[in-house]
Amino acid sequence: GGGGGTPQPAARPARPTVDPTLTFAVPIAGAPVEGKPDALVTIVKAYEYACPFCEKVRPTTEQIKADYGDDVRIVYKQYVVHAQVATDAALSACAANRQGKFTAMDGLLWEKAFKARKFDRANVEALGREAGLDLAQMKSDMDGPCKERVQKEQAEMSAVGTHGTPAFYINGRFLPGGAVDLAKFKVLIDEELAKAKERVAKGTRPERYYQEWVLGKGVKSAAPAKAM
């Protein structure tokens, strides 16, 4: 039986959120980096080439580089959401990085793949040629080691709570909101920079900072938020 009354809707599972006060041990080994090894603040950007918000936030990251100079470096990690569209672009960025040409390839992928909505393998290879890559090497890397690399990056970022793009981690601290304004980035960058300067003054070597304080002491994985 059971009487009338409105049926209670089933509780919706809580969407996973990442605690911005925690420092996550976000792996960076092997990923493309722009900036110096002794930069005190490391920003990890998890993104894919078919994501409009990832493209929108590019001027913000350029501005951060201009404002902070050698204090900041940016590490690029692939997190493919639209697998059918963005996979070849992700593989080609990996292949370019293996030939030391990530920055050139990255620019071309935004300008001539994303903006033209041309993500097919033939176009991606043409962009590789334009970026000055050895094409035979690029193809073999895309079909071989880069497949594993892109999957590994995806798994590494999922482990620390990434579930959409773009996702930014500033010295391991998650920046909520994706393509946010510069002011929100600066709050976290300034906090982390001040902390790092204090620790360096007490004896941490700058080029060891990320290794010791973020990877060494950070949380290894983000437990999904539990629904109450």
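The values are calculated or read from the model by the stated rules, or taken from the named source; none is laboratory data. Every value quoted in this text rests on a predicted model; they were computed, and no experiment measured them. Cβ sites come from the backbone with ideal geometry, for glycine too, and all protein chains shown count toward neighbours. Just so you know, the surface numbers come from the protein's heavy atoms only, side chains and all, with ligands and any DNA or RNA stripped out. Shrake-Rupley method; radii C 1.70, N 1.55, O 1.52, S 1.80 Å.
A few comments on the model shown:
- Among the numbered conditions (1) of a type outside the set (D, E, K, R); (2) open to solvent by less than 10 Å² (accessible area, probe 1.4 Å); (3) assigned to a loop (DSSP other than H, G, I, E, B); (4) in contact with a strand residue (DSSP E or B) (Cβ under 6 Å, 6 or more places away or on another chain), the only one that residue 28 does not meet is (2).
- Restricting 44, 85, 124 to those that are β-branched (Val, Ile, Thr) and closer than 27 Å to residue 215 by Cα reduces the list to 44.
- Residues within the stretch 166-186 that are open to solvent by less than 10 Å² (accessible area, probe 1.4 Å) and part of a helix (DSSP H, G or I), tallied: 1
- Across the stretch 187-203, the number of residues qualifying as surrounded by fewer than 17 Cβ atoms within 10 Å (Cβ to Cβ) and either within 12 Å of residue 72 (Cα to Cα) or among the β-branched types (Val, Ile, Thr) (or both) comes to 3.
- Residue in the stretch 84-102 that is over 16 Å from the mean Cα position of the chain (by Cα) and farther than 23 Å from residue 135 by Cβ present: yes
- Residue that is nearest to residue 173 (Cα to Cα), among those in the stretch 65-105 that are among the basic types (Lys, Arg) and assigned to a helix (DSSP H, G or I): 65
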